[in-house]
Amino acid sequence: MNKLLGFSAILLSASLLATPSATASGPVSAANVFGRLVAEPEMGNPSVSLLDLSTGEIVFESNAYSQRKPASTMKLLSAVAILKYLEPDKSFVTTVSLGTMPDSLVINGSYDPWISMDHRTATKMNRTSFPRLAFNGLTAAKKNSGGSVKKLKVYYNELYSNEVATFKAFFKKRGVAASFIKVTEEKAMSLSSEQVVYSTSPTVREIMNWFLLWSDNALSERMARLAAKASGNEFNDKGVAITFATLLNEMGIDPSKIIVKDASGLSRENKVTANVLVQLLYKVRLDPLLSTLIDGLPVSGETGTLQRRYIETAPEAVGLVKAKTGTLIGTVSLAGYVQSGEREYAFAVIADKIKRTNAASDKARKTLDRYLAKIAAPLLAPAVDTATVITDLQTP
C-alpha cells in the first residue's frame with residue numbers, strides 16, 4: 001500500500017512538472033499579441049519591436065523606426081558603453097589628506113560616481129557623502145593648526161564641478177574661506193601628508209547594476225561620462241553622444257536615428273527607435289561580456305522598478321520579464337526580455353504619445369504588462385519518464 005501511495009505521488013509530481021502553467025508563444029502567436037497591444041488606445045500608437053532571440057529575426061514591428069523619447073530605457077546604452085570601455089571590477093577611490101603646507105587639505109579623487117551629495121541618503125544606502133569628506137577634512141585641518149582655521153587651501157584632483165562647489169559652500173558656511181587649486185594626481189600625492197579619509201566605491205559592475213535596477217539618473221550620467229572619457233572622447237554629454245554612436249556602429253547597428261542629449265533619458269530631446277533598442281538587446285544577449293548587464297535588469301514582480309508591477313495586473317508573468325523601465329510625463333517605455341517557454345524574445349516598447357497624466361501612464365503600464373503576460377511562460381523542467389518510474393518501482 002505504501003508503495004502504491006509513493007507511486008501515485010511520483011506520478012502526480014511528474015504530471016505537474018510536465019504540465020505548463022502558461023502556454024508558450026511561437027513567433028506568429030507572439031506577433032498577434034503585440035499587434036493587439038499597439039491597437040490599444042491607451043498605448044497612444046507606440047513604437048514597438050519584437051525579436052526572436054533564437055533566430056535573431058524580427059517577428060513584429062510597428063513604428064519601429066520612428067524617433068521617440070526613450071526615457072530611462074536610454075540607460076541600456078549607458079550600461080553597454082560602461083561594460084565596453086570600463087573595467088567591470090574597477091572601484092573608485094577618494095582620499096582626503098592634510099597638506100604638507102600649513103592650513104591646507106588635499107582631496108585626491110577619481111570622479112567617483114557613488115559618493116552622495118546628501119548625508120542622510122548616503123547613510124541610508126551605506127555610501128560616502130561629501131559632507132562627511134568635508135567635515136572630517138575641516139576637523140583635521142583645525143586640529144592640525146591648533147583649533148582654528150580661517151583660510152584654507154584645498155588642492156584637488158578629479159572632482160566634478162558641482163562637488164567643488166559643494167565643498168566651497170560647506171566651508172564658507174563654517175566661516176572658512178577656502179581656495180581650491182586643481183592639480184594632477186602626482187602633484188596631489190606629493191602635497192599630501194596624513195590621510196584623514198579613505199573612501200572606495202563598489203565595482204563598476206555593481207554601480208551599473210544599481211542604476212539599472214533603480215533607474216538612478218545621476219549614477220548613469222556620471223558612469224556614461226567615465227565610459228566616454230575611457231574611450232577617448234570628451235568628458236561631457238557631447239562625448240557620451242559620440243561614444244554611443246561609435247558603439248552602435250561597432251555592433252552593426254545604425255546610429256543615425258538616435259539623438260543623445262544625456263545618458264539617463266531625462267532630456268525630452270533624446271530620440272531613440274524601438275528597432276535600435278531591440279537590436280541592441282539582441283547583441284547584448286550574444287556577447288558574454290555585455291550579457292552580464294541582464295543580471296542588473298529589474299525582474300517583473302520581484303526587483304527594482306518592476307518590483308510592484310505584474311503582481312496584481314499580470315501575476316502569470318512574475319519573474320518572466322527582465323527589462324529596463326522608462327517614465328517621463330507623457331511617456332512610458334519598457335525594453336528587455338520575456339521568457340516564453342523554451343523561447344525568449346527581446347522587445348522594446350516606447351509609448352511617448354500618451355496623455356500627460358499619471359492616470360494615463362498607469363493605464364499604459366498595466367496594458368503593456370498584461371500583454372507581455374500573454375506570451376510569458378516559464379522554462380519547464382524536463383518531463384519525467386513515467387514508464388521508467390513504473391519499471392523502477394516494480395523492480396524488487
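The values are calculated or read from the model by the stated rules, or taken from the named source; none is laboratory data. Computed from a predicted model, the values in this text were never measured in an experiment. Please note: Cβ atoms are built from the backbone with ideal geometry, for glycine as well, and neighbour counts cover all protein chains shown.
Scan L159, L212 and give me the residue that is surrounded by 17 or more Cβ atoms within 10 Å (Cβ to Cβ), free of Cβ contacts under 8 Å to residues at least 60 places away in the same chain, within 22 Å of W114 (Cβ to Cβ) and under 27 Å from the mean Cα position of the chain (by Cα). Let's see the steps before the verdict.
Details: L212 fails: free of Cβ contacts under 8 Å to residues at least 60 places away in the same chain.
Exactly one of L159, L212 is surrounded by 17 or more Cβ atoms within 10 Å (Cβ to Cβ), free of Cβ contacts under 8 Å to residues at least 60 places away in the same chain, within 22 Å of W114 (Cβ to Cβ) and under 27 Å from the mean Cα position of the chain (by Cα), namely L159.
Let's see how each residue does on (1) closer than 30 Å to L328 by Cα; (2) assigned by TED's automatic domain parsing to the domain that holds R268; (3) part of a helix (DSSP H, G or I); (4) at pLDDT 95 or above:
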| site | (1), (2), (3), (4) |
| --- | --- |
| S8 | no, no, yes, no |
| S29 | no, yes, yes, yes |
| G35 | yes, yes, yes, yes |
| V38 | yes, yes, yes, yes |
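Looking only at the range 308-321, filter to residues that are within 16 Å of R343 (Cα to Cα) and buried (at least 22 other Cβ atoms within 10 Å of the Cβ); which one of those is nearest to the chain's Cα centre (by Cα)? By that ranking, first place goes to V321.
Note on the range 121-145: residues that are polar (S, T, N, Q), in contact (Cβ under 8 Å) with a residue 12 or more places away in the chain and over 12 Å from L98 (Cα atoms) total 2. Determine whether the range 270-286 contains at least one residue that is surrounded by fewer than 21 Cβ atoms within 10 Å (Cβ to Cβ), in a loop (DSSP other than H, G, I, E, B) and of a type outside the set (G, A, S). No, there is no match, as no residue in the range 270-286 is surrounded by fewer than 21 Cβ atoms within 10 Å (Cβ to Cβ), in a loop (DSSP other than H, G, I, E, B) and of a type outside the set (G, A, S). Taking residues in the range 79-91 that are farther than 15 Å from V240 by Cβ, and partners anywhere that are among the polar types (S, T, N, Q), the pairs with Cβ atoms closer than 6 Å and at least 6 places apart or on different chains are D89/T203; S91/T200; S91/S201; S91/T203. Just to be sure before I move on: is M117 without any contact (Cβ under 8 Å) to a residue 40 or more places away in the chain, hydrophobic (A, V, I, L, M, F, W, C) and surrounded by fewer than 22 Cβ atoms within 10 Å (Cβ to Cβ) in the structure I sent? Here the answer is no, as M117 does not meet what is asked. I294 passes every criterion in (1) aliphatic (A, V, I, L, M); (2) touching a strand residue (DSSP E or B) at 6+ places or on another chain (Cβ under 7 Å); (3) surrounded by 23 or more Cβ atoms within 10 Å (Cβ to Cβ) apart from (3). In the set L320, L306, L286, only one residue is in contact with a Pro (Cβ under 6 Å, 6 or more places away or on another chain) and free of Cβ contacts under 8 Å to residues at least 60 places away in the same chain; that residue is L306. When the strands (runs of 3 or more DSSP E) confined to the range 47-101 are screened for residues that are at pLDDT 95 or above and outside the structural domain of V332 (by TED's automatic domain parsing), those reaching at least 1 such residues are found at 93-99.
Quick grid of which residues meet (1) over 18 Å from A71 (Cα atoms); (2) among the small types (G, A, S); (3) not assigned by TED's automatic domain parsing to the domain that holds A218:
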position	(1), (2), (3)
T246	yes, no, no
Q307	yes, no, no
A314	yes, yes, no
R343	yes, no, no
A348	no, yes, no
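Here A177 does not qualify as among the aliphatic types (A, V, I, L, M), under 33 Å from the mean Cα position of the chain (by Cα) and outside the structural domain of V299 (by TED's automatic domain parsing).
From the list V197, V164, V154, which residue is over 32 Å from the mean Cα position of the chain (by Cα), among the hydrophobic types (A, V, I, L, M, F, W, C) and either over 29 Å from T327 (Cα atoms) or outside the structural domain of P298 (by TED's automatic domain parsing) (or both)? Before you say what the answer is, go through the steps one by one.
On the way: V197 fails: over 32 Å from the mean Cα position of the chain (by Cα); V164 fails: over 32 Å from the mean Cα position of the chain (by Cα).
None of the others qualify; the one that does is V154.
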